[in-house]
Amino acid sequence: MRPLYFIIISLVCALAAFTGPASAGPADITVTSSSIDPPILMKGDTGTLTIAIQNNGAEPVAIRSARLFGSGVVPLSDSYPAVGELGAKNTKTFTFTVRADGGEGTFYPVFVLDFVNAGSLRYPIPVQVENTPLSISVIKKPDAFSEGRTADVTIRVGNPRPNAASGVQVIPQGTGLKAIPSSAFIGALAPDASGTAVFNLTPAAETTAAFQVVWRNGINTHTADLILPITFDEDKRQADPVITNVEVRQDAKGYRIVGDVMNAGLESARSVIISPGEPATPTDPYRIYIVGTLDPDDASPFEVTLQADAGTTEIPIIIEYRDADGNRYTATTMVGVGGTATALSGGEDGELPLAGIVVVVLLALGIVGAIYYSWRRK
């Protein structure tokens, strides 16, 4: 009886083994998706690689570990040493920190799942590395810079990369240079998009302006620089006061110079003042002549009075003016006073000129002589 008993027990166990439910195997596990942030790395960048798997079978699958290895793009984080069971139709994600150590191109770090019962799943994950930086260009600047004169400079930042750049800002730098604002924030730039930043630059001396663009690719910070030489030259648009229609008159007290001043430039001349320079000595009533503001193509009369030595042949007429930023400028026109002077019909305060006095004296002497001669004849 005992052998028969063992035979029956063995047959029941075998039947249970054949009729029991079929367990899912490694073939039922598939990688459903993978993504990396940022989507495109640059050399040296750190990114986060996320991989999703799914159990397509009807039974749980026991997974021993998950790991990532490769070259060019290498893992920085540890593997998953104990994963456990993945239920039927369930999904699970794995996250690895990776770094781009190679050059440009597409790299394939390998994702590996090791199963408890035996076997493994190996799946290559494509990761793209491209080192193209943001582009920087100057789209507007003055024809020439001047000492102490404020000028607008417009910087354009473009994104030629296949993925977005975030936190884009422009920072002007340079010695002997005042920049307003001290930095400009552009923000996120989508692929093939661009943004602009405007700066007011006031150079105290010839220098070099550097515009640094700071931006992020994911969590990675990058910079790009643009160099702009600041050299001084004549501004083609600045105010240009010119003296015309000059007339020089001489009187008992000196010279009176009258004429017109015109702004031949493309910007306004402000606080215009006209005065004679050395060797002349300004005299009342017009030691200086205040014109005020001269807009482009505007003209205004002026008049100055002065004294000069007998041997003086030219007098400098000085024009002082300011620009919109308050910078002071001067322009000088030489006016001849030699053989061009003409006598006035009267002097200041009702006085006769010297020539008139001489004529009056001679006429008086003639009249007196005529009276005396007539008296003698009688």
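The values are calculated or read from the model by the stated rules, or taken from the named source; none is laboratory data. The structure presented is a predicted model; accordingly, all values stated were derived computationally and were not measured. Cβ placement follows ideal geometry from the backbone for every residue including glycine, while neighbour counts extend to all protein chains displayed. Accessible surface areas use protein heavy atoms only, side chains included; no ligands, DNA or RNA. Shrake-Rupley method; radii C 1.70, N 1.55, O 1.52, S 1.80 Å.
Could you please find all residues in the range 51-69 being in a strand (DSSP E or B), surrounded by fewer than 20 Cβ atoms within 10 Å (Cβ to Cβ) and small (Gly, Ala, Ser)? Write out each step before concluding.
So the first thing to find is which residues in the range 51-69 are in a strand (DSSP E or B), and the list is 51-55, 61-69.
Now drop any that are not surrounded by fewer than 20 Cβ atoms within 10 Å (Cβ to Cβ), which leaves 52, 54, 62, 64-65, 67, 69.
ALA52, ALA62, SER65, listed by residue number.
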Open item on the list: Kindly evaluate THR283 against the criterion of being open to solvent by 80 Å² or more (accessible area, probe 1.4 Å) and among the β-branched types (Val, Ile, Thr).
Closed with: no
Task: Matching residues, the range 28-87, being under 42 Å from the mean Cα position of the chain (by Cα), at pLDDT 95 or above, within 29 Å of ALA118 (Cβ to Cβ) and of a type in the set (Ser, Thr, Tyr) - done: SER34, THR50
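Can GLU278 be described as part of a loop (DSSP other than H, G, I, E, B), out of contact with any helix residue (DSSP H, G or I) (no Cβ under 9 Å at 6 or more places or on another chain) and either of a type in the set (S, T, N, Q) or open to solvent by 60 Å² or more (accessible area, probe 1.4 Å) (or both)?
Details: part of a loop (DSSP other than H, G, I, E, B): yes; out of contact with any helix residue (DSSP H, G or I) (no Cβ under 9 Å at 6 or more places or on another chain): yes; either of a type in the set (S, T, N, Q) or open to solvent by 60 Å² or more (accessible area, probe 1.4 Å) (or both): yes.
Yes.
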Open item on the list: For the range 286-324: of the residues being more than 40 Å from the chain's Cα centre (by Cα) and in contact (Cβ under 8 Å) with a residue 60 or more places away in the chain, which is surrounded by the fewest Cβ atoms within 10 Å (Cβ to Cβ)?
Closed with: ILE315
Task: Every pair of residues 6+ apart whose Cβ atoms lie under 7 Å, when the first sits in the range 169-183 and is under 12 Å from ALA209 (Cα atoms) while the second is open to solvent by 60 Å² or more (accessible area, probe 1.4 Å) - done: GLY174/THR208; GLY176/ALA204
Open item on the list: With open to solvent by less than 70 Å² (accessible area, probe 1.4 Å) and modelled with pLDDT of 95 or more as the only criterion, which of ALA193, ALA151 stands out?
Closed with: ALA193
Task: Odd one out for PRO229 among (1) open to solvent by 50 Å² or more (accessible area, probe 1.4 Å); (2) touching a residue at least 40 places away in the same chain (Cβ under 8 Å); (3) under 31 Å from the mean Cα position of the chain (by Cα) - done: (2)
- [ ] Report yes if GLN128 is surrounded by fewer than 17 Cβ atoms within 10 Å (Cβ to Cβ), over 17 Å from ILE227 (Cβ atoms) and modelled with pLDDT of 95 or more, otherwise no.
- [x] yes
